[in-house]
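Please read the structure below before turning to the comments.
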Amino acid sequence: MGDEDRVTIYEMSDQVRHWEIAFGGTGLARLYCEVFKDTAEAPQSTCRLHFDGDVRPDVMRSIIEAVKDKVLSGLPRGLCIVYRGHLVSSFDYGN
């Protein structure tokens, strides 16, 4: 059995929404969100926010606050994972 036989690929969704985020006119981040139903059929969501390159903490905070206000506030409760090259942090949103 070769290593390629150990690899399993699952398609999780064909409904992930994607946003490009600019700061001062420069593209700086990407946001991916998906809404789904949990095992109790309650709506939930999950998001990943990817920052491109080395972004100052104050700029990251500004972008995260804008994302919360303009996108996450309209989604069911969920978790947003923030990346800046690697996992930086995560936060819950919604109810």
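Values in this text are rule-based calculations from the coordinates and carry no lab data. Predicted, not measured: the structure shown is a model, and the values here were computed from it. As a convention, Cβ positions derive from the backbone with ideal geometry for all residues, glycine included, and neighbour counts pool all protein chains shown.
Taking every residue in region 57-83 that is within 16 Å of TRP19 (Cβ to Cβ) and touching a residue at least 12 places away in the same chain (Cβ under 8 Å) and pairing it with any residue that is surrounded by fewer than 14 Cβ atoms within 10 Å (Cβ to Cβ) and small (Gly, Ala, Ser), at least 6 positions away or on another chain, the pairs with Cβ-Cβ distances below 7 Å are CYS80/SER90; ILE81/SER90; VAL82/SER89; VAL82/SER90. If the condition is being small (Gly, Ala, Ser) and out of contact with any Ser or Thr (no Cβ under 7 Å at 6 or more places or on another chain), then region 65-94 contributes ALA66, SER73, GLY74, GLY85, SER89, SER90, GLY94.
Across region 1-42, what is the number of residues that are in contact (Cβ under 8 Å) with a residue 40 or more places away in the chain and part of a loop (DSSP other than H, G, I, E, B)?
Here the count works out to 0.
ARG61 meets the conditions (1) in a helix (DSSP H, G or I); (2) of a type in the set (D, E, K, R); (3) closer than 23 Å to SER13 by Cα in every case but one. The failed one is (3). Restricting to region 43-58, name every residue that is acidic (Asp, Glu) and in a helix (DSSP H, G or I). Once the filter is applied, which keeps residues that are acidic (Asp, Glu) and in a helix (DSSP H, G or I), region 43-58 yields only ASP58. Kindly establish whether SER45 is under 21 Å from VAL88 (Cα atoms), polar (S, T, N, Q) and either in contact with a Cys (Cβ under 9 Å, 6 or more places away or on another chain) or loosely packed, with under 10 Cβ neighbours inside 10 Å (or both). The answer is yes for SER45.
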